[in-house]
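Q: Can you read through this structure? Questions will come right after.
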Amino acid sequence: MRKCILVMLLSFLVSNIFANENIYERNCVNCHKKLDIGIDKFFYKYLMVFSSEIAVKISIKDYLMHPMREKSLMVDDDILEKYEIKEPSSISEVELEEAIDIYWEKYKVFGKLK
Ligand code: HEC
């Protein structure tokens with residue numbers, strides 16, 4: 001009985017943790033953290049090159065769906081020497097858009113301050 005309660009409590013906690021993580025954290029941040037590659041500087045690079053919200057979002061989405069060296073903004077960076085070009089995104093297009101919206105919301109303020 002006690003064991004049963006413990007298991008229930010644990011699964012409640014675990015599901016709560018996952019529910020609190022949004023698609024951006026679950027997908028983007030998780031992988032970038034695991035590989036120990038920052039995600040913030042990529043954002044500023046896209047913001048610098050594309051500047052408008054629509055253009056930034058479209059080009060990030062396009063890159064993540066079809067990553068290739070020719071499209072990467074990081075070619076001058078040693079990041080592409082250290083890591084291979086990433087795999088195409090595995091989440092649905094809708095989830096990808098949602099994640100990029102959160103990514104934008106998170107960093108746009110800091111980008112404007114620079
Ligand atoms: C499976 C791991 C993984 C996931 C998931 C992932 N990334 Fe990345 N991301 C990488 C790696 C590795 C690179 C560096 C290599 C490259 O640029 O292709 C990268 C590069 C990038 C870049 C720079 C692209 C360029 O011009 O080279 C951006 C922006 C980015 N990620 C944002 C995101 C966002 C936003 C998400 C979530 C929607 C995401 N990433 C999900 C691994 C991941």
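Q: Those residues that are more than 8 Å from the ligand (Cβ to nearest atom) and touching a residue at least 24 places away in the same chain (Cβ under 8 Å), I need them from segment 29-47; list them, please.
A: Within segment 29-47, ASP40, TYR44, LEU47 qualify.
Q: With SER90, SER72 as the choices, which residue is within 10 Å of the ligand (Cβ to nearest atom), loosely packed, with under 11 Cβ neighbours inside 10 Å, within 16 Å of the chain's Cα centre (by Cα) and outside any helix (DSSP H, G or I)?
A: Of the residues listed, the single one that is within 10 Å of the ligand (Cβ to nearest atom), loosely packed, with under 11 Cβ neighbours inside 10 Å, within 16 Å of the chain's Cα centre (by Cα) and outside any helix (DSSP H, G or I) is SER90.
Q: Can LYS112 be described as more than 10 Å from the ligand (Cβ to nearest atom), at pLDDT below 95 and assigned to a helix (DSSP H, G or I)?
A: yes
Q: Please go through segment 78-100 and pick out each residue that is of a type outside the set (Lys, Arg) and over 21 Å from ILE58 (Cβ atoms).
A: So in segment 78-100, the residues of a type outside the set (Lys, Arg) come out as 78-81, 83-85, 87-100.
Matches in segment 78-100: ASP78, ILE79, LEU80, GLU81, TYR83, GLU84.
Q: Please name all residue pairs, on different chains or six or more residues apart, with Cβ atoms under 6 Å, provided the first residue is in segment 82-101 and is within 19 Å of ALA55 (Cα to Cα) and the second residue is among the β-branched types (Val, Ile, Thr).
A: As it stands, the answer is GLU95/ILE23; GLU98/ILE23; ALA99/ILE23; ILE100/ILE60, since those pairs meet every condition given.
Q: Identify all residues within segment 74-109 that are modelled with pLDDT under 95 and among the hydrophobic types (A, V, I, L, M, F, W, C); write none if there are none.
A: Within segment 74-109, MET74, VAL75, ILE79, LEU80, ILE85, VAL109 qualify.
The values are calculated or read from the model by the stated rules, or taken from the named source; none is laboratory data. Since the structure is predicted, the reported quantities are computational estimates derived from the model, not experimental observations. Here the Cβ is made from the backbone with ideal geometry for all residues, glycine too, and neighbour counts use every protein chain on show.
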